[in-house]
1. Restricting the search to the stretch 71-97, which residues are of a type in the set (A, V, I, L, M, F, W, C), loosely packed, with under 14 Cβ neighbours inside 10 Å and closer than 27 Å to Leu25 by Cα?
2. I'd like the full set of residues that are outside any helix (DSSP H, G or I) and of a type outside the set (Lys, Arg), limited to the stretch 78-97.
3. Just for the stretch 30-50: of the residues that are farther than 20 Å from Ile80 by Cβ and of a type in the set (D, E, K, R), which one is modelled with the lowest pLDDT?
4. Filter the stretch 45-55 down to the residues that are in a helix (DSSP H, G or I), without any contact (Cβ under 8 Å) to a residue 40 or more places away in the chain and either farther than 29 Å from Glu28 by Cβ or under 15 Å from the mean Cα position of the chain (by Cα) (or both) and list them by number.
5. Can you name the residue in the stretch 56-70 that is in contact with a helix residue (DSSP H, G or I) (Cβ under 7 Å, 6 or more places away or on another chain) and more than 17 Å from Lys31 (Cα to Cα) and is also surrounded by the fewest Cβ atoms within 10 Å (Cβ to Cβ) among such residues?
6. Does any residue of the stretch 59-77 turn out to be assigned to a loop (DSSP other than H, G, I, E, B), more than 19 Å from the chain's Cα centre (by Cα) and at pLDDT 95 or above?
Amino acid sequence: MPFLIFVDAEAIWGLSWGYLMDDELLEEEKKLKRLRFIVDFTIEYIRTQNVSHDEAIAIVEGVKRHALKMFPGKEEAFEIIYIPRFKRLLNEKYKRA
């Protein structure tokens, strides 16, 4: 018969799941998922729909404004993470260097 040891993680580590995933972390995760969805949807929309280059730029700027409302002060992160994806798409679709 196997020998089982039950461990109380809170007693050993001083942790509980409540500390690991508190409400703020859960809310932050929801916002990140929402932003990823918005960016992915926007990329697919621009890729598949007949929008002009200027319209596409305006759409991307709108996504950026919305992202900065969701995450104030994170413009640099948006520029590093998402702008390269948008630039790549615009360069491919509109054949610009």
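1. Selection gives Ala77, Ile80, Ile83.
2. Tyr82, Ala97
3. By that ranking, first place goes to Lys30.
4. Of everything in the stretch 45-55, those that are in a helix (DSSP H, G or I), without any contact (Cβ under 8 Å) to a residue 40 or more places away in the chain and either farther than 29 Å from Glu28 by Cβ or under 15 Å from the mean Cα position of the chain (by Cα) (or both) turn out to be Thr48, Asp54, Glu55.
5. Looking at residues that are in contact with a helix residue (DSSP H, G or I) (Cβ under 7 Å, 6 or more places away or on another chain) and more than 17 Å from Lys31 (Cα to Cα), I get Ile59.
6. Let us first name the residues in the stretch 59-77 that are assigned to a loop (DSSP other than H, G, I, E, B), namely 71-74.
Those left that are additionally more than 19 Å from the chain's Cα centre (by Cα): none.
For the stretch 59-77, residues assigned to a loop (DSSP other than H, G, I, E, B), more than 19 Å from the chain's Cα centre (by Cα) and at pLDDT 95 or above: absent.
The values are calculated or read from the model by the stated rules, or taken from the named source; none is laboratory data. It should be emphasised that the depicted structure is a prediction, and the values quoted were computed from it without experimental measurement. Don't worry about glycine lacking a Cβ; one is built from the backbone with ideal geometry, like all the others, and counts go over all protein chains shown.
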